Structures are given as structure tokens and as C-alpha cells.
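The structure under discussion appears below in the form of C-alpha cells.
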Amino acid sequence: MRRARRETHIREVQLGTPNRENWPNYGRGRRARSARLCDGIVVAPMPSFDDLKALVQTFNEEWSKLHSEPCSRVGAWRGIVIGKDPKDAQEKALEDEYLRFESTHRYRVGRMEEATTVRLPMNLEEVPAFTILGNYEQCAEQLAWCRDQAGLTPVTLNIHNTLRSLSERLEWIEAFGEEVIRKLA
């Protein structure tokens with residue numbers, strides 16, 4: 001909306017009507033429309049890895065019908081929890097308040113889980129379906145899968161188990177950079 005000023009009278013001018021059908025969402029039809037309307041895609045908040053791959057595939061198939069080069073921005077959000085192994089990381093994830101999807105959680109209250117979209121995993125037992133878990137090496141392998149198998153260019157990470165003290169956080173970030181990012185670069 002743009003506001004046009006005329007002396008002291010302000011009037012609102014509608015520049016375009018939002019079309020709910022074209023908002024990026026999880027439905028495969030909406031991903032196909034996104035490929036026709038947008039110059040990139042970010043799948044968020046976090047559907048399962050299988051649904052993520054299928055949605056990106058749908059977007060890329062439709063994109064390739066209209067463009068000669070692959071899309072340069074195909075991204076997704078993923079949670080990441082570092083532990084000794086995936087089981088240890090999952091136990092740590094269960095302690096994180098941001099991974100709790102009770103009936104009052106904003107995803108459900110905001111009705112983001114609609115019948116026309118892919119299902120969002122919202123049970124704590126399903127954390128491995130949508131979160132990168134494990135030690136640094138295992139996390140690097142899962143991020144490589146996101147890049148190589150799902151076709152993502154960037155992956156935005158929600159880091160869930162950062163430590164409390166500044167020195168522990170800096171150590172964690174440094175280790176993540178050396179053990180994960182460097183392997184993927």
C-alpha cells in the first residue's frame with residue numbers, strides 16, 4: 001500500500017491485492033506457481049526432509065520449463081542440534097523450548113498446518129524428520145545431503161543448543177566452522 005499526501009489529507013492507494021493462492025507455501029501446486037512467479041525459493045519453517053526434497057523437486061521441474069539455467073537460490077530452514085550422536089542430539093533437542101509444538105504453538109495457532117499443504121512434523125518424537133542431528137561429521141553429511149540430494153543452494157540454520165557462556169559459544173561456533181562449514185565449502 002502506498003500513501004499519497006494531499007495537503008493535510010492522507011489517502012491510501014492500493015497498489016495490488018495480495019493473492020493468497022500465490023503466497024509461498026507448502027503445497028506442490030504452490031511451489032510450481034512459485035517457480036513461474038519468483039526468482040528463488042526458501043522452504044520454511046521446516047517440513048520433513050522427504051517433503052522438502054519433493055517440494056524443491058517440484059519447484060525445479062517447473063523452473064526448468066521456463067528458464068535455461070538452474071535457479072540460483074533454492075533454500076530451506078533446518079534446525080541443527082549438535083551432540084555426541086543423533087540420539088544424544090535428539091535428547092538435547094527435546095529440552096529446547098523452540099522445538100515444542102503444543103496446541104498453543106504459533107504454527108498451530110496461526111493455522112500454518114493446512115489441509116492443502118504438506119504435513120509439518122510437530123511431535124517431539126519426529127525431531128529427526130526435520131532437524132539435523134548428530135556430531136559435527138554427521139551434521140556435515142546431512143547438510144551435504146541438503147545440497148547434493150535435495151538441491152538446496154543455501155541452508156539457513158536454527159542452532160538450538162548453543163551453550164550458555166560466551167566462551168562455550170565461541171568454542172562451539174569455531175568448531176562448527178572448522179568441522180562442518182569447511183568440509184562443505
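Restricted to the stretch 17-29, and to residues there that are surrounded by 15 or more Cβ atoms within 10 Å (Cβ to Cβ), out of contact with any Pro (no Cβ under 7 Å at 6 or more places or on another chain) and over 14 Å from residue 75 (Cβ atoms), the residue that is modelled with the highest pLDDT is 28. Of the numbered criteria (1) in contact with a Pro (Cβ under 7 Å, 6 or more places away or on another chain); (2) more than 18 Å from residue 85 (Cα to Cα), the one residue 157 fails is (1).
When 88, 96 are checked against the criterion of being at pLDDT below 85, surrounded by 15 or more Cβ atoms within 10 Å (Cβ to Cβ) and acidic (Asp, Glu), a single residue qualifies: 96.
Tell me the residue from 129, 140, 150, 175 that is assigned to a loop (DSSP other than H, G, I, E, B), at pLDDT 80 or above and under 23 Å from residue 83 (Cβ atoms), please. After ruling out the rest, the residue left standing is 150. When the residues of the stretch 106-126 are narrowed to those that are of a type in the set (Val, Ile, Thr) and surrounded by 14 or more Cβ atoms within 10 Å (Cβ to Cβ), which ends up modelled with the highest pLDDT? Top of the filtered list is 118.
Kindly check whether there is at least one residue in the stretch 159-169 that is exposed (fewer than 13 other Cβ atoms within 10 Å of the Cβ), basic (Lys, Arg) and not in a helix (DSSP H, G or I). Checked the stretch 159-169: at least one residue is exposed (fewer than 13 other Cβ atoms within 10 Å of the Cβ), basic (Lys, Arg) and not in a helix (DSSP H, G or I). I'm checking my understanding of the structure. Among residues of the stretch 45-79 that are among the aromatic types (Phe, Trp, Tyr) and surrounded by 21 or more Cβ atoms within 10 Å (Cβ to Cβ), which one is nearest to residue 140 (Cα to Cα)? Result: 49.
The values are calculated or read from the model by the stated rules, or taken from the named source; none is laboratory data. Remember, predicted model here, so these are calculated numbers, not experimental data. For neighbour counting, all protein chains shown are included, and Cβ atoms are generated from backbone atoms with ideal geometry for every residue, glycine included.
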